[in-house]
Amino acid sequence: MHMADALISPVVGGTMFAVTAGIASYSVKKVQTKFDGKLELNEKKIPLMGVMGAFVFAAQMINFTIPGTGSSGHIGGGILLAALLGPYAGFLTMACILTIQALFFADGGLLALGCNIFNMGFYTCFIAYNLIYKKIVKNEISKKKIFIASLLSVITGLQLGAFSVVLETAFSGKTELPFGPFLLLMQPIHLAIGIIEGLITSAVISFVWNARPEILETIKSGQVHKKVSYKKIIIVLLCAIVLIGGVVSLYASSNPDGLEWSIEKITGSSEVEYTGAFHEFIGSVQEKIAFLPDYGFKNSSNEQMKSNIPVSAGTSVSGIIGSLLTAVLAILIGVTTNVYRKLKKGANQN
Amino acid sequence: MSNITSSIYKIRFLDEMSQRCTVIHKLHPLVKLIVSIVYIITTVSFDKYEIINLIPLAVYPIVIFNLGDIPFMPVFKRSLIVLPIVLGVGIFNPIIDKEPIIIFANVFISRGWISYLGLVIKCFFTVLCALLFISTTSIDNIAMSLSKLKVPKIFTIQFLLTYRYIYVLIEEFANIWTAYTLRAPKQKGIHYKSWGSLLGQLLMRTYDRAQSIYYCMVLRGYNGEYHQSEEEKLYLKDYIYLFIWICFMVLVRFYNIPVLLGSIMTGV
Amino acid sequence: MSQHKVILKNIFYTYPDGKKAINGISFEINHGESVAIVGSNGAGKSTLLLSMVGILSPDSGDIRIGDLAVIKKNFSTIRQKIGFTFQNADDQLFNATVYDDVAFGPRSYKLSEIEVKKRVERALEIVGASHLMERPPYKLSGGEKRSVSIASVLSMEPDILLMDEPSSALDPKSRRRLINLLKDFTHTKIIATHDLDLVLDVCERTIVLGNGQILADGSTQKILNDGELLDRCGLEKPFALQSCPICSKR
């Protein structure tokens, strides 16, 4: 489910980065002040978070056979981390894991990091864990409850994450992948993945609950923090934005040709023609950030873009010659720097 | 199994690379991070049909490969890993976007292929950029540049701790995996009856380990405040490096260099 | 100097699950003494060590390090005096480089970076690991990890060393090096171990634990030669004291 840098636009990447950074800094605050007065728990949590991050990182590589099939699955870890560390520390730990993966395995990229942390950390730790897992397990823990709670929350987290991937891809406009079919492809696949991960997660959590219940994050029953309502508002707002964004883009992409649902028609207006105030707003924001070009949010930009495409034979000849020339230049730079590299090596060996 | 052990070699390979001592390695991590991010943004900011503009961007990886003394093939191979996803998601471009454009005299090609190619090139460049960053910057330096960017300490410490214990835990997991598969041949993965107990045991062990790390910290004076080494200063060479690349990126972004060069050459 | 005396009086400790770990232990260790704490698995060695630094607090009894009682108020001072190395060196080395790990203690006690550097260099020199300074801990061998973990407590310049299984998972050569290193230390040493050959070389006094109680306390030579006692405690005579199986000579 990792998004790649090449698939997103700077606007989407930047926005998601900002959103993720916001959630992360909020989480940092919550982790630090959560046990105010009882500082002990907090300082213990730092090594725990670090090591649990490594745990999930390593655990993601273990294959679990899916009964009755020849295939295998593995865990993502968002819900597991939230169940062990609480949502805030869980989110931060997830963010760490994804950062390391982005750096060392090129899983997702640096620009897409915000998207990836949001897709795999936010939905699981904040929405699925808080609104589903916690609600179910709150009053009393039992094996059955852990089973239902983990399964449902993992599936929900993954569904939201997959939906988010589709949205981000659509907003980025890097591919012609039609929104509807992409969605229809992503959601069922992630339902299957979610069921497997949910089952594994529930197996692990109930095992730990049996053996060492104190390890799991304590969910106090009946104790509702005052801040929860505030948090809920943010969550509901974010959900609304995501949903509205989705519906709008869905509507916008299919509307120009009426409501007929066919791939041909959507792609006839491949530069998804957005209408309405929402997109005008985005358009104007984009215009202000002149460095970041438009991605076909507006019609006028389409024409600009076309001027860049070599349409006439004349420019295309110069384009090709120029390209070759640039390539030659690049190679020349490579050769010269390579000479430097060899000289340096020679010098080191002597 | 091979998955687990090979991953540790992958990390170790990049880690060893980052310990080298070249001009690039000696630069301040912060400027390297900024240049990498600007490079990625510049790369993806081009429109999907503007593939000609992408060509000059090849200069950056070429230079870093050479000045940083990074072997090309291993890093290149690594960058292929993500390609399938991009190829899969992008395949709709040539299928759907069939509007023809002339590229040369009478040769036509559908726009979709152009954008598909663009996507692949961008994928390469961005992935290479990230890999080059990590292979020229050690993890503690990355953490330092993060704290220079005012990323909260709790995050950078965690980042370092996670990285540190990935080595330990992957080794441990690989051992368990080996022990399991030796006694359960012909299985592709862990049988569902062992799902909870295998991972659960590991989890509890990890928890105990975290506790003993915590004790180690406490016994050496840790009280919630984690002291790290002092941040390095930025030198003139760092500013120059930053300046040159930013200028380059701005040029490439706002001027279509190949077309410009071409029109000078052909006199159009 | 009475300052570095370690005194335990009538210590009792029960695990959270109700199992009794320490069942009335008292002893006194003088300044500069090298004491081995031996006993079979689960005899309570680690628990005892952890309670000496206040990580675990006994149900009853009194522990004093020098003039200070091991209570929360004194933790910071006491822990500065005691260098504690864990059985698993990986747990002790949690930083990105060896330097940072050895510097962790001094930095936590807010010494100046110059002083920190001095201490790190000295500590690494003592254990003979100066060349490892810039290395990340995961690239060290088992023996190197052990040396560095000892350096990481030496940098705090402690008076007392507590060591939990210092020779576990070491190859023979590294183990020999460790033994020589420990012999050179003038610190008060309390070493919990199964490695009786190490005990024989390093410690003049041995305390034998079993079921949370002291079964024997006396000179190492005497205790390690008492085959019957060792057998009762789940231990075995060190090779150096066993007679040769072929010629029956020592």
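Scan region C:117-140 residue by residue and report those that are part of a helix (DSSP H, G or I) and under 19 Å from B:TYR163 (Cα atoms). Matches in region C:117-140: C:PRO137, C:TYR138, C:LYS139. Filtering C:TYR99, C:TYR13 for residues that are more than 30 Å from C:LEU229 (Cα to Cα) and either among the aliphatic types (A, V, I, L, M) or crowded, with 17+ Cβ neighbours inside 10 Å (or both) leaves a single hit, C:TYR99.
Tell me which residues, restricted to region B:202-216, are without any contact (Cβ under 8 Å) to a residue 12 or more places away in the chain, more than 7 Å from chain A (Cβ to nearest Cβ) and under 15 Å from A:LEU84 (Cα atoms). Within region B:202-216, B:ASP208, B:GLN211 meet the criteria. Just the residues that are within 11 Å of chain A (Cβ to nearest Cβ), more than 15 Å from the chain's Cα centre (by Cα) and outside any loop (DSSP other than H, G, I, E, B), please, taken from region B:19-43. Selection gives B:VAL23, B:ILE24, B:THR42. The sole residue among A:LEU81, A:LEU111, A:LEU85, A:LEU98 that is in contact with an Asp or Glu (Cβ under 7 Å, 6 or more places away or on another chain) and more than 9 Å from chain B (Cβ to nearest Cβ) is A:LEU85.
Against the criterion of being free of Cβ contacts under 8 Å to residues at least 60 places away in the same chain, within 7 Å of chain A (Cβ to nearest Cβ) and either within 23 Å of B:CYS21 (Cβ to Cβ) or not aliphatic (A, V, I, L, M) (or both), B:TYR163 qualifies.
Scanning region C:104-115 for residues being more than 7 Å from every other protein chain (Cβ to nearest Cβ) and buried (at least 24 other Cβ atoms within 10 Å of the Cβ) gives a total of 1.
Just to confirm my filter: which helices (runs of 4 or more DSSP H) fall fully inside region B:104-191 and include at least 3 residues that are under 26 Å from A:VAL28 (Cα atoms) and of a type in the set (S, T, N, Q)?
Working: elements: B:111-136, B:139-148, B:153-183.
Filter on region B:104-191 gives B:139-148, B:153-183.
Picking from residues in region A:129-139 that are more than 18 Å from the chain's Cα centre (by Cα) and crowded, with 21+ Cβ neighbours inside 10 Å, the one that is farthest from B:PHE92 (Cα to Cα) is A:VAL137. Across region A:140-186, what is the total count of residues that are assigned to a helix (DSSP H, G or I), over 18 Å from the mean Cα position of the chain (by Cα) and touching a residue at least 60 places away in the same chain (Cβ under 8 Å)? Looking only at that region, the number is 5. Apart from one condition, B:MET73 fits all of (1) on the phi > 0 side of the Ramachandran plot; (2) more than 9 Å from chain A (Cβ to nearest Cβ); the exception is (1). The helices (runs of 4 or more DSSP H) found entirely in region C:1-108 that carry 2 or more residues being free of Cβ contacts under 8 Å to residues at least 40 places away in the same chain and over 20 Å from the mean Cα position of the chain (by Cα) are C:98-108.
For C:LYS72, indicate whether it is out of contact with any Lys or Arg (no Cβ under 9 Å at 6 or more places or on another chain) and more than 9 Å from chain B (Cβ to nearest Cβ). So C:LYS72 fits the description; yes.
Conditions tested, residue by residue: (1) surrounded by fewer than 16 Cβ atoms within 10 Å (Cβ to Cβ); (2) more than 27 Å from C:ASN23 (Cα to Cα).
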site: C:ARG175; (1), (2): no, yes
site: C:LYS183; (1), (2): yes, yes
site: C:CYS203; (1), (2): no, no
site: C:ILE207; (1), (2): no, no
site: C:GLY218; (1), (2): yes, no
site: C:LEU224; (1), (2): no, no
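Restricting attention to region B:135-158, and to residues there that are away from chain C (no Cβ under 14 Å) and crowded, with 24+ Cβ neighbours inside 10 Å, which single residue is nearest to B:ASP238 (Cα to Cα)? The extreme case among them is B:THR136.
Of all positions in region B:185-201, at least one carries a residue that is buried (at least 21 other Cβ atoms within 10 Å of the Cβ), facing another protein chain (nearest Cβ under 7 Å) and modelled with pLDDT of 85 or more. Any residue that is away from chain B (no Cβ under 14 Å), crowded, with 24+ Cβ neighbours inside 10 Å and touching a Pro at 6+ places or on another chain (Cβ under 7 Å) - is there at least one of those in region A:157-167? No, because not a single residue in region A:157-167 is away from chain B (no Cβ under 14 Å), crowded, with 24+ Cβ neighbours inside 10 Å and touching a Pro at 6+ places or on another chain (Cβ under 7 Å). Looking at the structure I just gave you, is B:ASP97 under 18 Å from the mean Cα position of the chain (by Cα), facing chain A (nearest Cβ under 7 Å) and among the acidic types (Asp, Glu)? The answer is no for B:ASP97. Determine whether B:GLU232 is modelled with pLDDT under 85, on the phi < 0 side of the Ramachandran plot, exposed (fewer than 14 other Cβ atoms within 10 Å of the Cβ) and among the charged types (D, E, K, R). Considered against the rule, which asks whether it is modelled with pLDDT under 85, on the phi < 0 side of the Ramachandran plot, exposed (fewer than 14 other Cβ atoms within 10 Å of the Cβ) and among the charged types (D, E, K, R), B:GLU232 comes out as no.
The values are calculated or read from the model by the stated rules, or taken from the named source; none is laboratory data. The shown structure was predicted, so the numbers you read here are calculated from the model rather than taken from an experiment. No Cβ is skipped: glycine too gets one built from the backbone with ideal geometry, and neighbour counts run over all protein chains shown.
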